[in-house]
Amino acid sequence: MDNYYGFYELGYIEYYWYFLYSLYYDFLEYPLMVRVCSVILTLLFLIIPTSCIVLVVRNHLIQRHLRKLEKARKMYLETFRKILTDENDLSAERVREMISEKRGKRAEAKFTNDELNLLTQILKEKVQEYNRKKINRNNYQQILTVLNVAGWLEDTIEKKGVKRCIEAFNLAQVLDCPLRGSVSARFAYHKDLHLRKVARITYMLTNKEDPYRYVEGNHDYVYMDSDGPILHDILMYRHDNGLMMPNFMDWIKLDQPTNKLRLFSITEILYFKKEEEYDELYAYMHETKDPIVKGNAIRVLGQIGYRKVENDLYDIFNSAQGFLRVSIIAALRDLGVRGAEVVDFFKKAYAKARRENEAMTVLDALYNCGAEGRLAFSELESTAPESEKKRFAHIMNPITNDRAYER
Amino acid sequence: MNNWLFTFFNYFMIFYSAGLILSYFLMTVTSFFQIYKRKKYYSAEYIKRILLNSPTTPGISIVAPAYNEETTVVDNVRSLLDMDYPTFEIIIINDGSKDKTLEQLIENFDLVEVPYNYIEHIKTKPFKRLFKSTNELYKRLVVVDKENGGTKADASNAGVNVAQYPYFVCTDVDCLLNPQGLYYLIWDVLSSKERVIAVSATMRMANSCTLKNGKLSYSRPPGAFLPMFQELEYMRSFLIGKTWWAAIGGMPNVSGGFGLFDTDIAIRVGGYHGQSMAEDMDMIARMTAYMYHTNTPYKVTQVPQTVCWTEGPSTLTIFNRQRTRWGRGLFQVFHLYWDIVFNRRYGVYGMVTLPYLFIFEFLGPIVEAVGFIVLLCLIINNAINWTTFWLLLTTVYMFMMVVNTMCINYDNYVERVYSKRRWYLFLFIPAALEAFIYHPLTVIFALKGYWSYISTGEFKWGEMKRKGFKKEAEATIQQTEQGMTPEAANDDATSTAGEAEK
């Protein structure tokens, strides 16, 4: 009875405290293992339903986004196609009208973030489908102006977190959307390395004054293999739009811990046919002592048909080894040098060849060295031992001979 | 003595289980941050765009051995040829097939025998001839005909000898590759400061998926009993296990079904071990050892995106054969590379990866079997505290459920692979049943594999028979004939995996 009155006098809160204490002291009486397991088990029971809910909600949100995107596609895809493929340059007003027709709102009404999210996604798909060159650039720029994509992206970059910032910079690159230089420059020294990198890249894409300052003027820039495709993409865009291109020889001469940037720059000289840099490349080929860089420079000079290099190649060959020798032979072949002298040189090179790829390159060069070369090739074939015959057959077959041995 | 032994056993089991649970917990948490970090920076379409147009994008050789694959080889090669990548070649190695695999290839791809200067960088069974296509459409296809070497390793080595690009992907000819998968792999190689010697990518079961023109048109988890569990097992292995190992720099293996390797390093270490039963683990062991010997910083990475779909064993006999072989392979690897285990010279690989694998992967089935026998004895002698027993059992079971649930969530987070949302919820069925049905089978077959290695030391792969994938139209027609509506048939159309050994 006393107990009853005792409990009765307790308030609800005190009673719950009492109940929890009793549970706690009961719990302490169990062995340690049981206690640990009970705690873990309780947590696990909570995690599983939470995890299921996350899965379902996430999928639902994705599905909702996809539905919205599909709806937006139906509304705008055809309009964008018309604008982008129209050969005539359309005015901003006309583009605005065409878009607002489908939108069902006043032409002046601002686009919401949600709308811009969907519209830029559709635009991105279209740009990728038409692969930049096939679209009317003027009309494309008008779409970007009407939607105010640059302003929207700049807002996102300035107000959102690192992840959204990176996404916005990437989107600006994919859409070739010119952002203000100051926006990119603000993040060019950000503590997050990826954000820093992507900001610098975006800066390079559209800046007109000093676009390459983060490569040329920065001592902390270290070239990575993934930079090659990114830089190339930017350079292609700038090249197609008549924007200032870099002097690749300046990039080659930059102080870098590895030769990767040099090799990339040499490739780009060939790709963009930078004739004004051929002489400098030729001079650099003499200066450099690195066989890989030298070999690549020689190959490029051969491929661009730089005849001045021919006599130097014979001299370099005598002291060269491995990859450099292969490069010299390939360059002489690409230069299209003909005559007894070069055929004789190839024959000697074949006799000296110690590696399979070197021998194959020499044979290929000989086979493509006019009538005299073919004759010498046949002579070598007739005197070659049985084990080497397959080399000749390989070279002569146009399906097999893909020059993979030169790599 | 008996008392002492029993106490030791009790403590051993407690610490062993606690260690295993703790490692799974660490893996699950770490792998989430890894996946999150990857997703944060570059989108797939951005990577594709910049790699597609670049002259510096490295080429990739896809090496796929084929042995008695006449039913599937043509479709699969067509699917491989449809890969979306600027520079690649497909190398099919006809490993002395006894059926019409080679004839099928010659007939369907306009192949002609060409004189080829075959250089044997890696020793293999004799090379016979090489075929290339006269048709411009199939110019990327190379078919190597060689004598049967008895193992996939030998055939793959012949493919590596012919590979002309700096990286090669080793896969099975029955695998379906994600057309854009190569971009993910090569981006890992390019964006690393260290030299990337191998890249692993997530694989899945294609058993219940539908194909259209050699591509997946409808994807879902396998409906069949065994592949359903394997799907979950693969997801856990790739998204949690391998992601963790890649993060700490101690990847134990890159799956034999699909993986990218540095051609130069692979040749330097002598390629795959011709007599290996676990050629994937063996290759990584040697490549890692080589990198440590030459003091070259290296990396083996894991791509969380699904890049490869393969047929999983759908019958118990084939599953038994596969897992027994894996058991033998694991034993063989420890037999061959025991000197690396707990060897400081091999860094994380020697001090963490191999010891962990030895303690928890290799000894796991043995410990489980012993534990089960002891449990039976205790039950017979009525020496069990049932409250504690059920509590411990439920805790371990629920923990694995959580790991599986997290894994399903990670997969959904990386990218939605299945055609319908409900298939993710479907995966909770194998997650709940795995511990009672699937896991005991894997333990039994692993033990069988160990015993087989000890008793016979036999290194044969065994013959494989495939039915091949069913194509969309075929599956629909067949199910309509069975009384299903075309819609239902389409929804559930399956490309039933044949009796296929992985």
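When segment A:365-383 is filtered for residues that are in contact with a Gly (Cβ under 7 Å, 6 or more places away or on another chain) and of a type in the set (A, V, I, L, M, F, W, C), only A:366 remains. For segment B:123-142, the condition holds for at least one residue, the condition being that it is closer than 19 Å to residue B:66 by Cα, modelled with pLDDT of 90 or more, within 13 Å of chain A (Cβ to nearest Cβ) and buried (at least 24 other Cβ atoms within 10 Å of the Cβ).
One residue is enough: does segment B:147-155 have a residue meeting the conditions at pLDDT 90 or above, in contact with a helix residue (DSSP H, G or I) (Cβ under 7 Å, 6 or more places away or on another chain) and not aliphatic (A, V, I, L, M)? No, the conditions are met nowhere in segment B:147-155. The sole residue among A:406, A:372, A:379 that is touching a residue at least 40 places away in the same chain (Cβ under 8 Å) and more than 20 Å from residue B:113 (Cβ to Cβ) is A:406. Scanning segment B:65-75 for residues that are in contact with a helix residue (DSSP H, G or I) (Cβ under 7 Å, 6 or more places away or on another chain) and closer than 9 Å to residue B:174 by Cα yields B:66, B:69, B:73.
Okay, residues lined up against (1) within 12 Å of chain B (Cβ to nearest Cβ); (2) surrounded by fewer than 19 Cβ atoms within 10 Å (Cβ to Cβ):
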position	(1), (2)
A:195	yes, no
A:199	no, no
A:222	yes, yes
A:240	yes, yes
A:263	yes, no
A:266	yes, no
A:274	no, no
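Here residue A:52 fulfils each of the conditions (1) more than 26 Å from residue B:415 (Cα to Cα); (2) surrounded by 11 or more Cβ atoms within 10 Å (Cβ to Cβ) apart from (1). Within segment B:104-136, being without any contact (Cβ under 8 Å) to a residue 24 or more places away in the chain and farther than 25 Å from residue A:358 by Cα holds for B:107, B:112, B:136. If you take the residues in segment A:179-193 that are of a type in the set (Gly, Ala, Ser) and assigned to a helix (DSSP H, G or I), which one is farthest from the other protein chains (Cβ to nearest Cβ)? It comes out as A:182.
Please verify whether residue A:233 is acidic (Asp, Glu), surrounded by fewer than 14 Cβ atoms within 10 Å (Cβ to Cβ) and either within 30 Å of residue A:319 (Cα to Cα) or out of contact with any Leu (no Cβ under 6 Å at 6 or more places or on another chain) (or both), treating the condition exactly as stated. Spelling it out, it is not the case that residue A:233 is acidic (Asp, Glu), surrounded by fewer than 14 Cβ atoms within 10 Å (Cβ to Cβ) and either within 30 Å of residue A:319 (Cα to Cα) or out of contact with any Leu (no Cβ under 6 Å at 6 or more places or on another chain) (or both).
Can you pull out every residue in segment A:134-178 that is in a helix (DSSP H, G or I) and without any contact (Cβ under 8 Å) to a residue 24 or more places away in the chain? Hits for segment A:134-178 are A:141, A:151, A:155, A:156, A:159, A:163, A:164, A:167, A:168.
Just a yes or no: is a residue in segment B:51-69 under 22 Å from the mean Cα position of the chain (by Cα), within 14 Å of another protein chain (Cβ to nearest Cβ) and not small (Gly, Ala, Ser)? Scanning segment B:51-69 turns up at least one residue that is under 22 Å from the mean Cα position of the chain (by Cα), within 14 Å of another protein chain (Cβ to nearest Cβ) and not small (Gly, Ala, Ser). Is segment B:248-271 home to any residue that is of a type in the set (Asp, Glu) and touching a helix residue (DSSP H, G or I) at 6+ places or on another chain (Cβ under 6 Å)? Within segment B:248-271, not a single residue is of a type in the set (Asp, Glu) and touching a helix residue (DSSP H, G or I) at 6+ places or on another chain (Cβ under 6 Å). Take the conditions (1) within 20 Å of residue B:241 (Cα to Cα); (2) modelled with pLDDT of 90 or more; residue B:366 misses just one of them, which is (1). Checking every residue in segment B:80-91 against the condition of being facing another protein chain (nearest Cβ under 10 Å) and either free of Cβ contacts under 8 Å to residues at least 24 places away in the same chain or on the phi > 0 side of the Ramachandran plot (or both) gives zero matches.
Screening B:101, B:7, B:57 for residues that are buried (at least 19 other Cβ atoms within 10 Å of the Cβ) and more than 30 Å from residue A:231 (Cβ to Cβ) leaves exactly one candidate, B:101.
Elements of the type helices (runs of 4 or more DSSP H) sitting completely within segment B:239-321 and holding at least 3 residues that are within 23 Å of residue B:355 (Cα to Cα): these cover B:243-248, B:279-293. Quick check, is residue B:96 under 20 Å from residue A:400 (Cβ atoms) and touching a residue at least 12 places away in the same chain (Cβ under 8 Å)? Taking the combined requirement at face value, the residue does not satisfy it.
Among residues of segment A:115-133 being loosely packed, with under 14 Cβ neighbours inside 10 Å and without any contact (Cβ under 8 Å) to a residue 24 or more places away in the chain, the one that is nearest to the other protein chains (Cβ to nearest Cβ) is A:131.
The test for being polar (S, T, N, Q), touching a residue at least 60 places away in the same chain (Cβ under 8 Å) and under 26 Å from residue B:190 (Cα atoms) does not hold for residue A:256. Name the residue, out of B:174, B:262, that is under 19 Å from the mean Cα position of the chain (by Cα), among the charged types (D, E, K, R) and buried (at least 24 other Cβ atoms within 10 Å of the Cβ). The unique qualifying residue is B:174. Residues being out of contact with any strand residue (DSSP E or B) (no Cβ under 8 Å at 6 or more places or on another chain) and within 30 Å of residue A:174 (Cα to Cα) are represented in segment A:277-295 by at least one member.
Can you find a residue in segment A:209-218 that is within 14 Å of chain B (Cβ to nearest Cβ) and in contact with a helix residue (DSSP H, G or I) (Cβ under 9 Å, 6 or more places away or on another chain)? Looking through segment A:209-218, none of the residues is within 14 Å of chain B (Cβ to nearest Cβ) and in contact with a helix residue (DSSP H, G or I) (Cβ under 9 Å, 6 or more places away or on another chain). Scanning segment B:314-359 for residues that are more than 18 Å from residue B:287 (Cα to Cα) and among the acidic types (Asp, Glu) returns no hits. You will find that of B:312, B:271, the residue that is on the phi > 0 side of the Ramachandran plot, buried (at least 24 other Cβ atoms within 10 Å of the Cβ) and touching a residue at least 12 places away in the same chain (Cβ under 8 Å) is B:271 and no other.
A single member of B:424, B:397, B:438 is in contact with a helix residue (DSSP H, G or I) (Cβ under 7 Å, 6 or more places away or on another chain), at the interface with another protein chain (Cβ under 10 Å from one of its Cβ atoms) and within 30 Å of residue A:36 (Cβ to Cβ), and it is B:397.
In segment B:405-424 there is at least one residue matching the filter, namely being within 23 Å of residue B:323 (Cα to Cα) and surrounded by 17 or more Cβ atoms within 10 Å (Cβ to Cβ).
Output the number of the condition that residue B:89 fails; it satisfies all remaining conditions of (1) in contact with a helix residue (DSSP H, G or I) (Cβ under 7 Å, 6 or more places away or on another chain); (2) crowded, with 19+ Cβ neighbours inside 10 Å; (3) at pLDDT 90 or above; (4) within 21 Å of residue A:394 (Cα to Cα). If we test residue B:89 against (1) in contact with a helix residue (DSSP H, G or I) (Cβ under 7 Å, 6 or more places away or on another chain); (2) crowded, with 19+ Cβ neighbours inside 10 Å; (3) at pLDDT 90 or above; (4) within 21 Å of residue A:394 (Cα to Cα), just (1) comes out false.
The values are calculated or read from the model by the stated rules, or taken from the named source; none is laboratory data. All values reported here derive from a predicted model rather than from experimental measurement. Every residue, glycine as well, gets a Cβ built from its backbone with ideal geometry; the counts of neighbours run over all protein chains shown.
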